[in-house]
Amino acid sequence: MFTILIILVFQTISVESQTVKDKSSIYHDGWIDFNKNGKKDIYEDPEQDIEVRVEDLLSQMTMEEKTMQMVTLYGYGRVAKDQLPTPEWKSSIWKDGLANIDEHCNGVVESDYMYPYSKHVWALNKVQKFFVEDTRLGIPVEFTTEGIRGLNHTKATCFPAQIGIATTWDKDLVHKVGRVTGSEAHALGYNNVYSPLMNVARDQRWGRVVETYGEDPFLVAELGIQQIKGIQENKVVSTLKHYFLHAMPKGGRDGKARTDPHVADREAHDLYLYSFKRGVMEGGALGIMSCYNDYNGIPISGSKYYLTDVLRNKFHFKGYVVSDSWAVRYIQSKHHVAGTYKEAVRQSVEAGLNVRTTFEIPENFILPLRELVEEGSISTETINDRVRDVLRVKFWEGLFDSPYHDEDIAEKMVNTKENNEVALQTSQEAIVLLKNEKNLLPIDISNYKNILVCGPNAKEEKSSESRYGPNHIDVISGYEGIVAEVGEKVNVEYAQGCKFFERNTWPLSEIIPVEISSEEQALMDEAVKKAQSSDLIIAILGEDDRIVGEARSRTSLDLPGSQRKFLMELKKTGKPIVLVLINGRPLSLNWADRNIPSIVEAWFPGLHGGTAIADVLFGKYNPGGKMPVTTPHSVGQIPYNFPFKPDSQAGQEDESSPNGFGVSRVVGALYPFGYGLSYTTFEYSNLKISPTEGGLQSSIQVSFTLKNTGTVKGDEVPQLYINDEVASVTRYEKMLRGFDRITLEPGEEKEVTFTIKPDDLALYDRNMKFVVEPGKFNVIIGNSSQDEKLTGSFVLVDKHAKANAFFEKQ
């Protein structure tokens, strides 16, 4: 009997060894033997419930394997030294797996496998093969990348910057943008996209205004939900950035200064948590990126209240939280609430962080994490909780059912004609007409023989290839778009005119006037000379990616460098001027607004930006974008934004007041939130509100008629604002609670209906409970936050309280 047992043991060992060596034997019809034990485990069975599969896999994992599901390996050229697995990987720390690999061979760093698309998918499949076949349990790795203006990959479909996408105010279009981003991610082998950025940008100086949906939480939430749903339609996770208060650093500063937000608790919930709450609860986002900053003295990435009590227990978040790059280390090195990095690791994991992501080797996080578990400072159950979330997401993505991607499909799915049609539409809808004196626009080409296109942004392309979106793309500049549109009909000249700014005097030249260099004066002289012999000037000015983006805040909102001086010189020629802005934040164009007849805002307009600009200038497309941020006259007005508390942005007392004369300060917005013109006109009429009296949980229907009263087809964005007359706490003067982008032919009219839900009227009361209070609510319909086309009201009553009062009387 003993001999037989020995033979059986050796046979078993032989079979298991053969199974491991013959890796193809783990692939079966409809399932994969990830742990290579020759049987279908529960976690390997696609028919089982996800939660059951998670628990089965978790029960088989060692602590080494569990902790490795809590760390990111930044991809090739960032942290990873290899593009493809090497024999050394079998002895590396990730022999026990990884949560994800970020930006691997995506083109941010030159790679042999970033293009063509099929080659990239082949490379990711090779990497995935290592984790499936050469780790004990075969847990697939997740591939992540950025994607706030299209997928962060070589030659993916390129959209405008996120602030431009916001300017469309087009929910259906944003859903399409998300769908394109998610489908291209899936086709290229990615499972998780860090998009959208859900922060509310309340300080126009901040460098990352360009990456947001603007300053209003309702607008951010509505557009963000559509992006989330579009991405996740493809079983690709949408990870929301950056949770939370990331966008409100002191003085609009950025980079290492991303801390110390001066925000009251109620405002934090009303303005800054609102978009994340709705992104998770309504959008269903399965990813959250925790931010660098603290709030009220506690780093968010080490805050159990915000990562667990709020995010999971109140918002019911079911995905996993990844850290922004240095968020864990900053708990020690910036915020100094941990004496050691190891203690910072403990605080972040205990708070609710699932995965550490940064530009450091995984060992820097994993080894102190394992020490904390061994010494009892972090419990096994806490580790289990964190890993459950990661595994749940991986099962949702289908990684345990189809860990590999089709290498051929990418060529048919990425950067397609259809996707680029969506991108061009987005670039067109992102353009705002800020001014159009005497209807200079659209340009009637029959009136001009010679057009000068000038300015530092006329041929600039790099700003539309800024970080966190597609790279290595062939951007169409404004000049190229104009030449393609009318170059065969008129003579189009070019002159740079001036630089963005003089590098050797920047940024002090923002506050100290400097002499124009001889080199720049020559550029200006050349442009003015060409302008004098032209019939029309198109000046394309603004910012570039050196002063816009992450860690690129500014101390001024004026045109940088000598650009205003250049514009003034062009004005002296007496020729009609169209000013086109390519920029990442609203600019205080006080002189231009008074002196230049037509002004167009294009933001960083994406690959098709030049085409879209030309389409708008020459009437092929009628602009209908609306400003998602307030443009103040000066940085001296900041904070100046929407929404705002009653009278907090009002003018000062006039000379009739005994307390002052009101001549010490500029007041009002240059361009208010929601503002934008059109080549046609619209009429609002026939407002209906139903019911005019409802209960606290009633939905209110608001309808009205919108008519195109002009002579050309155009888009209008009617906006619904609410004013709560009396509440238990001070409310905002107006709150955006509905909008839609509507296209109408000349003479066409349409009934527009908005639904106001109870949550749209709820507030955090004096006890910080989220409730709807009885009272009168005013409804304002207009085409900007300062415009009032139609007004009405409704009343909410507490019917339960009235019923109780009735029975008490009986």
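The values are calculated or read from the model by the stated rules, or taken from the named source; none is laboratory data. Quick caveat, the model's predicted, so the values are computed rather than measured. Every residue, glycine as well, gets a Cβ built from its backbone with ideal geometry; the counts of neighbours run over all protein chains shown. Accessible surface areas use protein heavy atoms only, side chains included; no ligands, DNA or RNA. Shrake-Rupley method; radii C 1.70, N 1.55, O 1.52, S 1.80 Å.
Cross-link check: pairs Lys229/Lys304; Lys235/Lys626; Lys688/Lys776; Lys129/Lys417; Lys36/Lys394 evaluated at a Cα-Cα cut-off of 21 Å; pairs beyond the cut-off: Lys229/Lys304; Lys235/Lys626; Lys129/Lys417.
In terms of the mean number of neighbouring beta-carbon atoms within 10 Å, the peptides 483-490, 593-600, 560-567 order highest first as 560-567, 593-600, 483-490. Pairwise Cα distances in region 275-353 exceed 15 Å for 51 percent of all pairs. Rg ratio for region 91-239: its Cα radius of gyration over 2.2 N^0.38 Å, N being its residue count, equals 1.14. Decide, for region 29-122, between rounded, prolate and oblate: order the square roots of the alpha carbon gyration tensor eigenvalues as a ≥ b ≥ c, take rounded if a/c falls under 1.5, and otherwise choose prolate if a/b is larger than b/c, else oblate. Because a/c hits 1.5 or more and a/b exceeds b/c, region 29-122 counts as prolate. To the nearest ten degrees, helix 380-397 and the longest principal axis of the Cα atoms of the chain are 70 degrees apart. With protein chains left intact and a 1.4 Å probe, residues in region 413-534 average 49 Å² of accessible area per residue. Distance cut-off 25 Å, Cα to Cα: go down the list Lys66/Lys334; Lys575/Lys707; Lys277/Lys334; Lys171/Lys757; Lys499/Lys575 and report the pairs above it. Checking Cα-Cα distances, Lys66/Lys334; Lys575/Lys707; Lys277/Lys334 exceed 25 Å. Residues His633, His28, sorted by accessible area with the largest first, give His28, His633 [1.4 Å probe; ligands and nucleic acids excluded].
Computed over neighbours whose Cβ is under 12 Å from that of Glu211, the net charge equals +2, Lys and Arg +1, Asp and Glu -1. By the rule of a C-alpha distance below 13 Å, with chain neighbours fewer than 8 residues away ignored, the aspartates and glutamates paired with Lys435 are Asp593, Glu601.
To the nearest 10, the accessible area of Tyr74 is 10 Å² with a 1.4 Å probe. Around Gly478, under 11 Å between beta carbons, what's the net of Lys plus Arg minus Asp minus Glu among the other residues? Surrounding charge for Gly478 is -3. Computed over protein heavy atoms with a 1.4 Å probe, the accessible surface of region 163-214 works out to 13 Å² per residue.
If you roll a 1.4 Å probe over region 685-725 with all protein chains in place, what percent of the accessible area is carbon or sulfur? Its accessible area is 42 percent carbon and sulfur atoms.
Against the longest principal axis of the chain, how steep is helix 171-187, in degrees 0 to 90 to the nearest 10, with axes from Cα atoms? Here the helix axis deviates by roughly 40 degrees.
One way to sum up the overall shape of region 431-488 is the equivalent ellipsoid from its Cα gyration tensor, whose semi-axes run 27, 15, 10 Å, largest first. Of the residues Asp406, Asp760, ranked by 1.4 Å probe accessible area with the largest first, the sequence reads Asp406, Asp760.
The percentage of C-alpha pairs in the chain whose separation is greater than 38 Å is 45%.
Over region 409-523, all Cα pairs binned in 5 Å intervals from 0 give whole-percent P(r) values of 2, 8, 12, 16, 17, 16, 13, 9, 5, 2, 1, 0, listed from short to long. Most simply put, the chain has about 50% antiparallel DSSP beta bridges, counting only bridges with both residues inside it.
For the chain, take the longest principal axis of its alpha carbons; what is the angle in degrees between that and the long axis of helix 417-429, to the nearest 10 within 0 to 90? Computed tilt is about 40 degrees. Per-residue surface analysis assigns Met568 an accessible area of about 70 Å², computed on protein heavy atoms at 1.4 Å probe radius. Note on His262: accessible area is roughly 120 Å² with a 1.4 Å probe, heavy atoms of protein only. From the square roots a ≥ b ≥ c of the eigenvalues of the alpha-carbon gyration tensor of region 210-279, which class results: rounded (a/c under 1.5), prolate (a/b over b/c), or oblate? Verdict is prolate for region 210-279.
First compute the accessible area of region 297-450 with a 1.4 Å probe, then give the percent of it belonging to carbon and sulfur atoms. Carbon with sulfur: 48 percent of the solvent-accessible area. Grab the other residues whose beta carbon is less than 10 angstrom from that of Arg585, score K and R as +1, D and E as -1, and report the net. Neighbourhood net charge equals +2. The residues of region 236-330 have, on average, 30 Å² of accessible surface per residue, using a 1.4 Å probe with all protein chains present.
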